[in-house]
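The values are calculated or read from the model by the stated rules, or taken from the named source; none is laboratory data. Note that the structure is predicted; figures quoted are calculated from it, not measured. Don't worry about glycine lacking a Cβ; one is built from the backbone with ideal geometry, like all the others, and counts go over all protein chains shown. Calculation scope for accessible area: heavy atoms of the full protein, side chains included, ligands and nucleic acids excluded. Shrake-Rupley method; radii C 1.70, N 1.55, O 1.52, S 1.80 Å.
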Amino acid sequence: MALDQSFVGRTYPPTAAYEVGREKIREFAEAIGDANPAYTDTDAAKALGHSDVIAPPTFVFAITFKAAGAVIEDPQLGLDYSRVVHGDQKFTYTRPVRAGDRLSVTSTIEAIKSLAGNDILDIRGEVHDASGEHVVTAWTKLVSRAPEGA
Amino acid sequence: MTAKIAYDEVEVGTELPAQSFPVTRATLVRYAGASGDFNPIHWNEKFAVEVGLPDVIAHGMFTMAEAIRVVTDWAGDPAAVVEYGVRFTKPVVVPNDDQGALIEVSAKVAAKLDDRRVRVDITAMSAGQKVLGMSRAVVELA
(Lines give C-alpha, C1' and ligand atoms only; values in the text may rest on other atoms or scores of the structure.)
Protein backbone atom coordinates (compact mmCIF):
# COMPACT_ATOMS: atom_id res chain seq x y z
CA MET A 1 0.00 0.00 0.00
CA ALA A 2 1.40 3.38 -0.98
CA LEU A 3 2.46 5.63 1.88
CA ASP A 4 0.50 8.79 2.61
CA GLN A 5 2.04 11.73 0.71
CA SER A 6 0.79 14.14 3.35
CA PHE A 7 3.67 12.98 5.59
CA VAL A 8 6.19 14.73 3.31
CA GLY A 9 7.72 17.62 5.21
CA ARG A 10 6.77 16.22 8.60
CA THR A 11 9.45 16.88 11.22
CA TYR A 12 9.78 14.83 14.39
CA PRO A 13 10.87 16.31 17.74
CA PRO A 14 14.64 16.43 18.45
CA THR A 15 15.97 13.32 20.17
CA ALA A 16 17.41 13.32 23.68
CA ALA A 17 21.15 14.00 23.53
CA TYR A 18 23.48 11.11 22.66
CA GLU A 19 26.84 11.51 24.38
CA VAL A 20 29.72 10.41 22.16
CA GLY A 21 32.18 8.35 24.20
CA ARG A 22 35.84 7.96 23.25
CA GLU A 23 35.69 4.22 23.92
CA LYS A 24 32.63 3.90 21.68
CA ILE A 25 34.59 5.63 18.91
CA ARG A 26 37.51 3.25 19.52
CA GLU A 27 35.17 0.23 19.42
CA PHE A 28 33.69 1.43 16.12
CA ALA A 29 37.11 2.18 14.58
CA GLU A 30 38.31 -1.31 15.58
CA ALA A 31 35.15 -2.88 14.15
CA ILE A 32 35.86 -1.35 10.74
CA GLY A 33 39.57 -2.19 11.11
CA ASP A 34 40.62 1.45 10.80
CA ALA A 35 43.84 2.23 12.67
CA ASN A 36 43.81 5.99 11.93
CA PRO A 37 45.16 7.49 15.20
CA ALA A 38 42.77 10.46 14.95
CA TYR A 39 40.08 8.06 16.22
CA THR A 40 41.92 6.76 19.28
CA ASP A 41 44.85 9.00 20.20
CA THR A 42 44.01 12.44 21.59
CA ASP A 43 47.47 13.82 20.80
CA ALA A 44 47.23 12.64 17.19
CA ALA A 45 43.79 14.24 16.89
CA LYS A 46 45.10 17.48 18.40
CA ALA A 47 48.02 17.50 15.97
CA LEU A 48 45.38 17.65 13.22
CA GLY A 49 43.69 20.59 14.93
CA HIS A 50 40.86 18.75 16.70
CA SER A 51 40.08 19.31 20.36
CA ASP A 52 39.68 15.57 21.03
CA VAL A 53 39.53 12.26 19.17
CA ILE A 54 37.13 12.34 16.25
CA ALA A 55 34.79 9.65 14.94
CA PRO A 56 35.04 7.94 11.52
CA PRO A 57 32.76 9.58 8.92
CA THR A 58 30.01 6.96 9.08
CA PHE A 59 29.97 6.61 12.90
CA VAL A 60 27.07 9.05 13.24
CA PHE A 61 24.75 6.76 11.28
CA ALA A 62 24.04 4.71 14.42
CA ILE A 63 22.68 7.88 16.01
CA THR A 64 20.72 9.21 13.02
CA PHE A 65 19.24 5.82 12.18
CA LYS A 66 18.04 5.35 15.73
CA ALA A 67 16.43 8.78 15.47
CA ALA A 68 14.85 7.76 12.15
CA GLY A 69 13.08 5.06 14.14
CA ALA A 70 10.53 7.73 15.07
CA VAL A 71 9.62 7.86 11.39
CA ILE A 72 10.02 4.16 10.60
CA GLU A 73 7.91 3.10 13.57
CA ASP A 74 5.32 5.87 13.24
CA PRO A 75 2.09 3.83 13.27
CA GLN A 76 0.31 6.56 11.31
CA LEU A 77 2.84 6.30 8.48
CA GLY A 78 2.48 2.51 8.42
CA LEU A 79 5.79 1.50 6.84
CA ASP A 80 6.32 -2.28 6.68
CA TYR A 81 9.84 -2.38 8.11
CA SER A 82 10.25 -6.12 7.50
CA ARG A 83 10.39 -5.29 3.77
CA VAL A 84 12.73 -2.31 4.04
CA VAL A 85 16.20 -2.15 2.53
CA HIS A 86 18.71 0.69 2.73
CA GLY A 87 18.89 2.35 -0.69
CA ASP A 88 21.17 5.36 -0.41
CA GLN A 89 23.09 7.10 2.33
CA LYS A 90 24.70 10.51 2.32
CA PHE A 91 26.35 12.78 4.88
CA THR A 92 27.40 16.42 4.76
CA TYR A 93 29.65 17.57 7.58
CA THR A 94 30.08 20.99 9.12
CA ARG A 95 32.64 19.46 11.45
CA PRO A 96 33.60 15.92 12.53
CA VAL A 97 31.86 14.21 15.44
CA ARG A 98 34.15 14.32 18.50
CA ALA A 99 34.38 12.52 21.84
CA GLY A 100 32.32 14.38 24.40
CA ASP A 101 29.78 15.69 21.89
CA ARG A 102 26.18 15.66 23.05
CA LEU A 103 24.27 15.20 19.82
CA SER A 104 20.60 15.63 19.12
CA VAL A 105 18.90 14.59 15.87
CA THR A 106 15.89 16.16 14.21
CA SER A 107 14.36 13.88 11.57
CA THR A 108 12.27 15.10 8.67
CA ILE A 109 10.48 13.13 5.96
CA GLU A 110 11.89 14.73 2.83
CA ALA A 111 10.14 12.66 0.17
CA ILE A 112 7.80 9.73 -0.33
CA LYS A 113 7.66 8.07 -3.72
CA SER A 114 6.09 4.97 -5.11
CA LEU A 115 7.95 3.15 -7.86
CA ALA A 116 6.84 -0.18 -9.30
CA GLY A 117 4.97 -0.96 -6.09
CA ASN A 118 7.97 -0.11 -3.91
CA ASP A 119 7.63 2.67 -1.34
CA ILE A 120 10.65 4.95 -1.27
CA LEU A 121 11.16 7.10 1.79
CA ASP A 122 13.79 9.84 2.14
CA ILE A 123 14.60 10.85 5.70
CA ARG A 124 16.86 13.77 6.59
CA GLY A 125 18.48 13.83 10.02
CA GLU A 126 19.95 17.14 11.17
CA VAL A 127 22.53 16.61 13.91
CA HIS A 128 23.32 19.45 16.32
CA ASP A 129 25.57 19.62 19.35
CA ALA A 130 24.65 20.88 22.85
CA SER A 131 25.39 24.48 21.86
CA GLY A 132 23.04 24.19 18.89
CA GLU A 133 25.85 24.16 16.31
CA HIS A 134 25.23 22.05 13.21
CA VAL A 135 27.54 19.03 13.04
CA VAL A 136 26.31 16.81 10.22
CA THR A 137 23.24 16.10 8.13
CA ALA A 138 22.43 12.52 7.19
CA TRP A 139 20.13 11.58 4.31
CA THR A 140 18.81 8.02 4.38
CA LYS A 141 16.81 6.51 1.54
CA LEU A 142 14.76 3.48 2.55
CA VAL A 143 13.02 1.25 0.04
CA SER A 144 10.10 -0.88 1.17
CA ARG A 145 9.83 -3.63 -1.42
CA ALA A 146 6.43 -4.49 -2.82
CA PRO A 147 4.99 -7.73 -1.39
CA GLU A 148 5.24 -10.70 -3.76
CA GLY A 149 2.22 -11.03 -5.99
CA ALA A 150 1.07 -7.47 -5.28
CA MET B 1 41.33 20.25 9.56
CA THR B 2 44.77 19.45 8.22
CA ALA B 3 44.79 17.45 5.02
CA LYS B 4 48.25 16.29 3.97
CA ILE B 5 47.44 16.49 0.26
CA ALA B 6 47.64 19.88 -1.42
CA TYR B 7 44.87 20.98 -3.75
CA ASP B 8 47.41 22.31 -6.25
CA GLU B 9 49.10 18.91 -6.48
CA VAL B 10 46.08 16.93 -7.64
CA GLU B 11 44.56 16.77 -11.10
CA VAL B 12 41.32 15.37 -12.41
CA GLY B 13 42.15 11.69 -12.85
CA THR B 14 44.62 11.50 -9.95
CA GLU B 15 44.25 8.01 -8.51
CA LEU B 16 44.17 7.42 -4.77
CA PRO B 17 46.03 4.36 -3.44
CA ALA B 18 43.62 1.41 -3.79
CA GLN B 19 42.97 -0.92 -0.85
CA SER B 20 41.27 -4.27 -0.23
CA PHE B 21 39.31 -5.00 2.91
CA PRO B 22 38.60 -8.60 3.98
CA VAL B 23 35.24 -9.37 5.60
CA THR B 24 34.46 -12.55 7.53
CA ARG B 25 31.48 -13.54 9.65
CA ALA B 26 33.49 -12.48 12.70
CA THR B 27 33.94 -9.02 11.16
CA LEU B 28 30.18 -8.70 10.77
CA VAL B 29 29.43 -9.81 14.32
CA ARG B 30 31.90 -7.24 15.61
CA TYR B 31 30.43 -4.52 13.39
CA ALA B 32 26.91 -5.42 14.53
CA GLY B 33 27.96 -4.89 18.13
CA ALA B 34 29.81 -1.64 17.49
CA SER B 35 27.10 -0.13 15.29
CA GLY B 36 24.05 -1.51 17.09
CA ASP B 37 22.69 -2.99 13.85
CA PHE B 38 21.67 -6.53 14.80
CA ASN B 39 19.58 -7.32 11.72
CA PRO B 40 19.92 -11.14 11.44
CA ILE B 41 20.60 -10.97 7.66
CA HIS B 42 24.13 -9.97 8.72
CA TRP B 43 24.87 -13.00 10.91
CA ASN B 44 22.13 -15.66 10.58
CA GLU B 45 22.41 -17.69 7.38
CA LYS B 46 19.06 -19.45 7.88
CA PHE B 47 17.27 -16.13 8.26
CA ALA B 48 19.11 -14.57 5.30
CA VAL B 49 18.11 -17.44 3.01
CA GLU B 50 14.51 -17.31 4.22
CA VAL B 51 14.21 -13.68 3.14
CA GLY B 52 15.61 -14.50 -0.29
CA LEU B 53 19.30 -13.65 0.05
CA PRO B 54 21.97 -16.05 -1.23
CA ASP B 55 23.74 -16.06 2.16
CA VAL B 56 24.65 -13.70 5.01
CA ILE B 57 25.48 -10.25 3.63
CA ALA B 58 27.62 -7.46 5.03
CA HIS B 59 25.98 -4.36 6.49
CA GLY B 60 25.76 -1.73 3.75
CA MET B 61 27.06 0.76 6.29
CA PHE B 62 30.10 -1.49 6.88
CA THR B 63 30.93 -1.37 3.18
CA MET B 64 30.38 2.39 3.22
CA ALA B 65 32.76 2.70 6.19
CA GLU B 66 35.47 0.65 4.44
CA ALA B 67 35.18 2.49 1.12
CA ILE B 68 35.86 5.92 2.62
CA ARG B 69 39.09 4.64 4.23
CA VAL B 70 40.75 4.95 0.84
CA VAL B 71 39.93 8.66 1.00
CA THR B 72 40.66 9.31 4.70
CA ASP B 73 44.01 7.46 4.48
CA TRP B 74 44.94 9.57 1.45
CA ALA B 75 43.82 12.87 2.94
CA GLY B 76 45.43 12.14 6.32
CA ASP B 77 42.80 13.95 8.34
CA PRO B 78 39.42 12.16 8.20
CA ALA B 79 37.75 15.54 8.81
CA ALA B 80 38.87 16.56 5.30
CA VAL B 81 35.82 14.60 4.09
CA VAL B 82 33.04 17.19 4.05
CA GLU B 83 30.52 15.18 2.07
CA TYR B 84 30.11 11.45 1.42
CA GLY B 85 27.30 9.54 -0.23
CA VAL B 86 26.71 6.08 -1.70
CA ARG B 87 24.00 3.95 -3.25
CA PHE B 88 23.81 0.34 -2.11
CA THR B 89 23.57 -1.49 -5.42
CA LYS B 90 24.61 -5.09 -4.66
CA PRO B 91 25.13 -6.91 -1.38
CA VAL B 92 28.55 -8.12 -0.24
CA VAL B 93 27.91 -11.84 0.29
CA VAL B 94 29.97 -13.28 3.15
CA PRO B 95 30.25 -17.08 3.15
CA ASN B 96 30.90 -18.97 6.38
CA ASP B 97 34.46 -20.07 5.58
CA ASP B 98 37.99 -18.97 6.40
CA GLN B 99 38.08 -16.61 3.43
CA GLY B 100 34.89 -14.63 3.78
CA ALA B 101 34.64 -11.85 1.19
CA LEU B 102 36.89 -9.11 -0.08
CA ILE B 103 35.85 -5.50 -0.70
CA GLU B 104 38.19 -3.92 -3.27
CA VAL B 105 38.15 -0.14 -3.28
CA SER B 106 39.67 2.28 -5.77
CA ALA B 107 39.10 6.00 -6.13
CA LYS B 108 40.10 8.90 -8.29
CA VAL B 109 39.74 12.66 -8.36
CA ALA B 110 36.76 13.35 -10.62
CA ALA B 111 36.51 17.14 -10.36
CA LYS B 112 38.30 20.11 -8.84
CA LEU B 113 35.81 22.35 -7.05
CA ASP B 114 36.02 25.77 -5.41
CA ASP B 115 37.49 26.37 -1.94
CA ARG B 116 40.31 23.81 -2.36
CA ARG B 117 37.78 21.02 -2.54
CA VAL B 118 37.80 18.04 -4.89
CA ARG B 119 35.21 15.44 -5.74
CA VAL B 120 36.49 11.90 -5.42
CA ASP B 121 34.63 9.06 -7.14
CA ILE B 122 34.94 5.71 -5.38
CA THR B 123 34.55 2.22 -6.84
CA ALA B 124 33.86 -0.67 -4.47
CA MET B 125 33.84 -4.22 -5.85
CA SER B 126 33.22 -7.61 -4.31
CA ALA B 127 33.22 -10.96 -6.15
CA GLY B 128 33.57 -9.05 -9.43
CA GLN B 129 30.47 -6.92 -8.85
CA LYS B 130 30.11 -3.25 -8.10
CA VAL B 131 28.61 -3.10 -4.61
CA LEU B 132 28.30 0.70 -4.33
CA GLY B 133 26.94 3.10 -6.92
CA MET B 134 27.18 6.89 -7.07
CA SER B 135 29.86 6.62 -4.41
CA ARG B 136 31.31 10.09 -4.07
CA ALA B 137 33.11 12.16 -1.50
CA VAL B 138 33.91 15.86 -1.42
CA VAL B 139 37.29 16.42 0.22
CA GLU B 140 38.82 19.68 1.40
CA LEU B 141 42.54 19.67 0.68
CA ALA B 142 45.41 21.78 1.96
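Quick one: go through segment A:42-67 and flag any residue whose amide nitrogen is under 17 Å from the point 7 Å out along the Cα-to-Cβ line of A:GLU23.
Zone members listed by number: A:42, A:53.
Mind giving me the nanometre distance, one decimal, between the label points for B:ASN96 and A:ARG102, set 7 Å out from Cα along Cα→Cβ?
Roughly 4.5 nm, to one decimal.
With +1 on the Cβ of every Lys and Arg and -1 on the Cβ of every Asp and Glu, and nothing else charged, how large is the dipole of chain B about its Cα centre, in debye rounded to the nearest 20?
Approximately 220 debye in magnitude.
Between 0 and 90 degrees, rounded to the nearest ten: what's the tilt of helix A:22-31 against the longest Cα principal axis of chain A?
With both axes taken from Cα atoms, the answer is about 70 degrees.
Under 25 Å between alpha carbons: how many lysine pairs meet that in the protein assembly as shown, if sequence neighbours fewer than 8 apart on the same chain are excluded?
Lysine pairs meeting both conditions in the protein assembly as shown amount to 26.
With a 1.4 Å probe, what is the total accessible area buried between chains B and A, in Å² rounded to the nearest 100?
Roughly 2400 Å² of accessible surface disappears when B and A pair.
Under 10 Å, Cα contacts only: if you run a Gaussian network model on chain B, which one of B:ALA75, B:ALA34, B:ALA58 comes out with the highest mean-square fluctuation?
B:ALA34
Hey, rough spin-label estimate for B:VAL12 and B:VAL29, points 7 angstrom out along Cα→Cβ, what's it come to in nanometres?
4.9
Treating only the Cβ atoms of Lys and Arg (+1) and Asp and Glu (-1) as charged, compute the dipole magnitude of the protein assembly as shown about its Cα centre; round to the nearest 20 debye.
That gives a dipole near 300 debye.
Calculate how steeply helix A:61-72 sits against the longest principal axis of the alpha-carbon atoms of chain A, using the helix alpha-carbon long axis, and give the answer as 0 to 90 degrees to the nearest 10.
Tilt of helix A:61-72: around 30 degrees.
Name the residues of segment B:70-111 whose amide N is less than 14 Å from a point 7 angstrom out from the Cα of A:THR92 along the C-beta direction?
Only B:82-85 fall inside the zone, counting backbone N under 14 Å.
Taking Cα centroids, how far is segment A:4-52 from segment B:20-43 in Å?
Segment A:4-52 and segment B:20-43 have Cα centres separated by 18 Å.
Accessible area per residue, 1.4 Å probe, Å², for chain B: what's the number?
It amounts to 46 Å² per residue over chain B.
Summarise the accessible area of the protein assembly as shown (1.4 Å probe, protein heavy atoms) by the percent that is carbon and sulfur.
Accessible surface attributable to carbon and sulfur in the protein assembly as shown totals 51 percent.
Which GluC sites (Glu not before Pro) in segment B:1-95 pass both tests, a DSSP loop state and at most 11 other beta-carbon atoms within 10 Å?
Answer in residue order: B:GLU11.
Assuming 0.36 nm per residue, please report the length gained on full extension of the stretch A:GLN76 to A:ALA44 beyond their Cα-Cα distance.
6.8 nm
What FRET efficiency comes out for A:LYS66 versus A:ALA146 if R0 is 25 angstrom and r is the Cβ-Cβ distance? Round to the nearest 0.05.
0.40
Once the other residues with Cβ under 15 Å from the Cβ of A:HIS128 are scored (Lys, Arg +1; Asp, Glu -1), what is the net sum?
Neighbour charge sum, excluding A:HIS128 itself: -1.
If I model a spin label at B:ASN39 and A:SER114 as a point 7 Å from the Cα along the Cα→Cβ vector, what separation in nanometres do I get?
Spacing of the two 7 Å Cα→Cβ label points: 2.4 nm.
Only helical DSSP H runs with n ≥ 4 go in: add -39500 (n - 2.57) per run for chain B, normalise by residue count and round the 222 nm mean residue ellipticity to 500 deg cm²/dmol.
Dividing the helical sum by the residues of chain B leaves -6000 deg cm²/dmol.
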